[in-house]
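The values are calculated or read from the model by the stated rules, or taken from the named source; none is laboratory data. What you see is a predicted model; the values in this text were computed from it and never measured. Cβ sites come from the backbone with ideal geometry, for glycine too, and all protein chains shown count toward neighbours. Just so you know, the surface numbers come from the protein's heavy atoms only, side chains and all, with ligands and any DNA or RNA stripped out. Shrake-Rupley method; radii C 1.70, N 1.55, O 1.52, S 1.80 Å.
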Amino acid sequence: MAYTILDGHKTLLNFPRGAEGTWTLDSYRTRGGYSALEAVLREGRYTPAGLLDQVKKSGLRGRGGAGFPTGLKWSFLAKQRPAYLVCNADESEPGTFKDRVILEENPHQLVEGMILSLFALEAEHGYVYVRGEYVHPQKRLDAAIREAYEAGYLGEDVLGAGRAYHITLHSGAGAYICGEETGLINSLEGRKGQPRLKPPFPAVIGVFNKPTIVNNVETLASVCSIAEFGGEAYAQWRNESGKSTGTKLFSVSGHVERPGVYEVPMGYPFKRLLEEECGGMLNGMPLKALIVGGSSVPVVDAETAMKIDLDYESCAAHGTLLGSGGVIVMGEGTCMVRSLEVLLRFYHHESCGQCTPCREGTGWIHRIVRRVEAGQGTMVDLDELYRIADNMEGKTICTLADAAAWPAKSHLRVFRQEFERHVHEGRCPFGGRFPDPFHLGPQA
Amino acid sequence: MTDRITQTTALEGHGHGTLPVWKRTPEPDAGVDASVHARLEFSDAAKERLAWLRTRYPDGYQRALVLPVLSMAQREFGWVSPQVIAFVADAIPVPRMWVEEVATFYTMYNKRPIGRHHLQVCTNVCCAVVGGEQLLEYVCRKLGVHPGETTADGRFTVIGAECLGACGYAPMMQVNDDYHENLRSRAQVDALLERLAAEPDRVGTDPHLALGPGTGPGRMLPRNGPALKAGGNVHTPEGGH
């Protein structure tokens, strides 16, 4: 294969699967951990502006879902000090569980990445906002932060370089909307996690009324590789056709033999990820549908799925988005109306209630799909569903409404026949049930 | 408690001529006995953590303590009653409304007592396609409850949860703080429930993280002292964005 990065080279999951103790400082150091930080702070490998330049050159794009170029985002940070760096570890998009692996198995790489980022941004204090349910990941990260303080990587005078760096772990309490960066900022300030109107953007006025950069866990952990190998080397990690750079974590769930988190270079073919890494479809069932980037990106059918290379450009060319890399694989026997109903229930539940199109719209479209699934829908309902979803898009403060509208519209577009079958037959052709491959339900 | 009048959405039947229906709904805490929270006091460890928390946020932004302190209070007192809300508000101190709005916005604050073991079965799509809904049904049937209910002996509360970030290890359920993943047979579920039923104490609350990040015996993070600068701006706690 035409990868300029060696196959199997890992930058984030740089340890054997299931290995013990990878989360400790000793283990991280044996893998070359904190060498980039020492080179930067002790040997002066980069100035802050120089490191920011490397991040720009690397082509790194935000790994949380939106894919905004990280270096560009950093360059917007206002000059006023203090400024804050906030790590978004609120991972709650259905299908996404990649950050959890970093927090649990490799938390020191996040800590090092954050210190390097604080250096580049000329800020002192970073907060990590971890979702409240992640008690175990919090425990690992908490221990890593403590070890970093004891080893002198955090504190008032880090590595004798005369610079102070601090990281505080802050736990959420169960709200998907806090993954939106201004919702997160409000939550960190102790408010309801309702997103803010922009502008002003967080880079100008963010947490505690100060300039703030919010980045995803994977993005910040990737900064270690950029500081270690240089931005240009990082930018080479891709396939020939792709413009997207670096490696990316993909969390694969659903009907596959070996679900889990895999790190591959950008542009890796989905077909290869499914067949080689994941061991193919569960029990050999045929592929029916694929959600490639977490539950809010448009769904694609099996034929399109097999053509997708996992990068921003290829996903866009095939009518979907790379998103957070939460790959949800659905095999034959899955009712697409039912799966949409579950997704819309989620978005209705998680709408923060600020904007009318989202607060009301998510409920309307959920109830329509629920009615269609129950066999009580009409053809008018299908048009209404599309119309309401279309009207929700782009009308709200944050993109939660879009995140509900995209799956609704794409499910309807790609699997229209299945919706019509529900209407015409007056029932769910799949009996209103999901597949039960592990026989947990009532036995026939 | 006074009744609250709410309007159900006119589009419940999706618009086809349905008129708004006005109905009375009870207060969310109606019928909940909060007498156990008549006298509240933080443990010494919690007091120490509260003092430490104050050093981690800039001066003048004590509102940032609402989530961590309320979470800690829930761990200390079991659930979040109106008394706990008032207690937390006074401890920080911030207006009670600021704590109440947080307690009602976030799903992890339990506004009524829960069972000793809080079973949260994920039923979002990634779990559902491999049997998450069947798992919830099975657990409920075994314990003789409906989702959202607590068993008569107070040992188990079961609910269907939204995505818990364990999609690749489905089906799964969270028991208190612990994730139990890859529950891929009834025998596994049976064994887990039996083990929990025999457990006299609440399991899965890690003593090292009993109160939240940064705590536990000998685990207190170094204090920043007053090094955190609040910056030059003068602002009130209400000073928004």
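So in region B:119-145, with the set limited to residues that are in contact with a strand residue (DSSP E or B) (Cβ under 8 Å, 6 or more places away or on another chain) and farther than 29 Å from A:His411 by Cα, which one is farthest from the other protein chains (Cβ to nearest Cβ)?
The selected residue is B:Val145.
Could you count how many residues in region B:100-118 are more than 8 Å from every other protein chain (Cβ to nearest Cβ) and either open to solvent by 10 Å² or more (accessible area, probe 1.4 Å) or free of Cβ contacts under 8 Å to residues at least 60 places away in the same chain (or both)?
11
Within region B:76-95, identify whether any single residue is closer than 21 Å to B:Asp201 by Cα and assigned to a helix (DSSP H, G or I), and answer yes or no.
The answer is yes, given that some residue of region B:76-95 is closer than 21 Å to B:Asp201 by Cα and assigned to a helix (DSSP H, G or I).
I'd like to verify a number: residues in region A:397-413 that are under 22 Å from the mean Cα position of the chain (by Cα) and open to solvent by 30 Å² or more (accessible area, probe 1.4 Å), how many?
Selection size over region A:397-413: 3.
Kindly list the number of the only condition in (1) within 14 Å of chain B (Cβ to nearest Cβ); (2) open to solvent by less than 10 Å² (accessible area, probe 1.4 Å) that fails for A:Leu322.
Answer for A:Leu322: the failing condition is (1).
If the Cβ limit is 7 Å and pairs must be 6+ apart or interchain, which residue in region B:70-84 that is touching a residue at least 24 places away in the same chain (Cβ under 8 Å) pairs with which residue that is β-branched (Val, Ile, Thr) and open to solvent by 40 Å² or more (accessible area, probe 1.4 Å)?
Once the first residue is touching a residue at least 24 places away in the same chain (Cβ under 8 Å) and sits in region B:70-84, its partners that are β-branched (Val, Ile, Thr) and open to solvent by 40 Å² or more (accessible area, probe 1.4 Å) give B:Trp79/B:Ile114.
If B:Asp44 meets every condition in (1) more than 18 Å from the chain's Cα centre (by Cα); (2) of a type outside the set (Val, Ile, Thr); (3) surrounded by 19 or more Cβ atoms within 10 Å (Cβ to Cβ) apart from one, which number is that one?
Of the numbered conditions (1) more than 18 Å from the chain's Cα centre (by Cα); (2) of a type outside the set (Val, Ile, Thr); (3) surrounded by 19 or more Cβ atoms within 10 Å (Cβ to Cβ), the odd one out for B:Asp44 is (3).
From the set of residues in region A:197-209 that are crowded, with 22+ Cβ neighbours inside 10 Å and of a type outside the set (Val, Ile, Thr), which is nearest to the other protein chains (Cβ to nearest Cβ)?
It comes out as A:Phe208.
Criterion first (part of a helix (DSSP H, G or I) and touching a residue at least 60 places away in the same chain (Cβ under 8 Å)) does A:Leu340 satisfy it?
yes
Within region A:1-118, considering only helices (runs of 4 or more DSSP H) that don't extend past its boundaries, which have at least 1 residues that are surrounded by fewer than 17 Cβ atoms within 10 Å (Cβ to Cβ), touching a residue at least 60 places away in the same chain (Cβ under 8 Å) and acidic (Asp, Glu)?
Correct list: A:35-41, A:48-58.
I'd like to check something: does region A:370-390 contain any residue that is open to solvent by 20 Å² or more (accessible area, probe 1.4 Å), charged (D, E, K, R) and closer than 20 Å to A:Arg433 by Cα?
Within region A:370-390, one or more residues are open to solvent by 20 Å² or more (accessible area, probe 1.4 Å), charged (D, E, K, R) and closer than 20 Å to A:Arg433 by Cα.
Looking at A:Glu180, A:Glu218 in this structure, which one is assigned by TED's automatic domain parsing to the domain that holds A:Leu103, open to solvent by 30 Å² or more (accessible area, probe 1.4 Å) and in contact (Cβ under 8 Å) with a residue 60 or more places away in the chain?
Sole residue among the options that is assigned by TED's automatic domain parsing to the domain that holds A:Leu103, open to solvent by 30 Å² or more (accessible area, probe 1.4 Å) and in contact (Cβ under 8 Å) with a residue 60 or more places away in the chain: A:Glu180.
Name, by its number, the condition in (1) assigned to a helix (DSSP H, G or I); (2) more than 26 Å from the chain's Cα centre (by Cα); (3) in contact (Cβ under 8 Å) with a residue 12 or more places away in the chain that does not hold for A:Arg371.
(3)
Could you tell me whether A:Pro435 is within 25 Å of B:Pro171 (Cβ to Cβ), open to solvent by 30 Å² or more (accessible area, probe 1.4 Å), within 13 Å of chain B (Cβ to nearest Cβ) and part of a loop (DSSP other than H, G, I, E, B)?
For A:Pro435, the condition - within 25 Å of B:Pro171 (Cβ to Cβ), open to solvent by 30 Å² or more (accessible area, probe 1.4 Å), within 13 Å of chain B (Cβ to nearest Cβ) and part of a loop (DSSP other than H, G, I, E, B) - is not met.
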